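Data block below; observations after.
The values are calculated or read from the model by the stated rules, or taken from the named source; none is laboratory data. From a predicted model like this one, the values you see are computed outputs, not experimental measurements. Counting neighbours? That spans all protein chains shown, and the Cβs are built from the backbone with ideal geometry, glycine included. Protein only, heavy atoms only, side chains kept; ligands, DNA and RNA dropped before computing areas. Shrake-Rupley method; radii C 1.70, N 1.55, O 1.52, S 1.80 Å.
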Amino acid sequence: MRLSRREALILAAGGALMGFLPRGASAATVDEAMAAFAEGAALGEGGVEISAPEIAENGNSVPVEVFAPGAVAIAVFADGNPSPGVAKFHFGPLAGESRASTRIRLAKTQNVVALAKMADGAVVAARREVKVTIGGCGG
Amino acid sequence: MAESKPRVKAPKTAKPGEVVTIKTLISHEMESGQRKDSKTGELIPRKIINRFEATFEGQEILTVDIDPAVSANPYFEFSAKVERSGTFKFKWVDDDGSVYETENAITVG
């Protein structure tokens, strides 16, 4: 397919918008994603910990640990990423404790949020800001 | 793409009821679907590991639903309570339907 100059410009502008819009929009969708995980439960505080570096030089690989004694599941969200979901951990009967570590991508400085769901359906939240020097959302 | 090779670090022995730490990693580019090809400007299609499962003798330890925000070469560290000897099984599921598996035996006593 040959593109005219006008079409190419429109495509480029669309591409630039695609790059910006999802980030602006994710502030709304992170709440939606969190609400979907919470299944209507009000978010409590306490009982869940999230560990992450205060400053991450490289947003491509930021170590994060979540811990919530007694939780059946912990979901991790990043409110400044193009898409807010990061990972959902489901702990089975043989889990030693409800704790997990992984490495995540952060596009820019933002809050990383952990929601822990307890056996009785209660949901608690913890948040931690991570300052990102070089974003992990290349392209 | 390099072949996805899983690596697991788990103890080979434990005492009954002990909580052991397990570390897993699989080589995978975790293409997020957000990046653009630098030459054509087109989005590179998403291709990630979307699920990880750890079990012991058929019982669940940990299952992870994974989004593109998990880094390349996804790493997970978690713990398991072991009461008896047996085999840990680990499974990674790719967007393209591929399944990568590995297992580790542990002697408890």
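Using the Cβ-Cβ distance between A:Thr133 and B:Asp65 with R0 set to 22 Å, the FRET efficiency works out to roughly 0.15. Note on surface exposure: A:Leu94, A:Leu106 rank A:Leu94, A:Leu106 by accessible area, highest first, 1.4 Å probe. Excluding residues fewer than 8 places away in the same chain, name every one of the lysines whose C-alpha is closer than 30 Å to that of B:Lys81. Output for B:Lys81: A:Lys88, A:Lys117, B:Lys5, B:Lys9, B:Lys12, B:Lys15, B:Lys23, B:Lys89, B:Lys91.
Ordered by 1.4 Å accessible area with all protein chains kept, B:Thr87, A:Thr109 run largest first as A:Thr109, B:Thr87. Once you list every other residue whose beta carbon is under 15 Å from the beta carbon of B:Gln59, what net charge do they have if Lys and Arg are +1 and Asp and Glu are -1? Here the count lands on -1. Of B:Glu101, A:Glu45, the residue with the largest accessible area leads and the full order is A:Glu45, B:Glu101 (1.4 Å probe).
The protein assembly as shown has equivalent-ellipsoid semi-axes of 35, 22, 14 Å, by the square roots of 5 times the alpha carbon gyration tensor eigenvalues, sorted largest first. Computed over neighbours whose Cβ is under 12 Å from that of B:Glu83, the net charge equals +1, Lys and Arg +1, Asp and Glu -1. Partner aspartates and glutamates whose Cα lies under 14 Å from the Cα of A:Lys108, excluding those fewer than 8 positions away in the same chain, are identified as A:Glu54, A:Glu57, A:Asp79, A:Glu129.
Rounded to the nearest 0.05, what FRET efficiency is calculated for A:Ser51 and B:Ser98 with R0 set to 30 Å and r the Cβ-Cβ distance? For A:Ser51 and B:Ser98, the calculated efficiency is 0.40.
Spin-label model, B:Glu83 to A:Glu39: label points 7 Å out along the Cα-to-beta-carbon direction sit 2.5 nm apart.
Near A:Glu54: Cβ cut-off under 11 Å, other residues only, Lys/Arg at +1 and Asp/Glu at -1. The net charge is +1.
Between amide H atoms placed 1.01 Å from N, distances below 5 Å from A:Ala56 occur with A:Lys131, A:Val132, A:Thr133, all of them 5 or more places distant or on a separate chain.
Taken over region B:1-74, the alpha-carbon convex hull comes to 107 cubic angstrom per residue.
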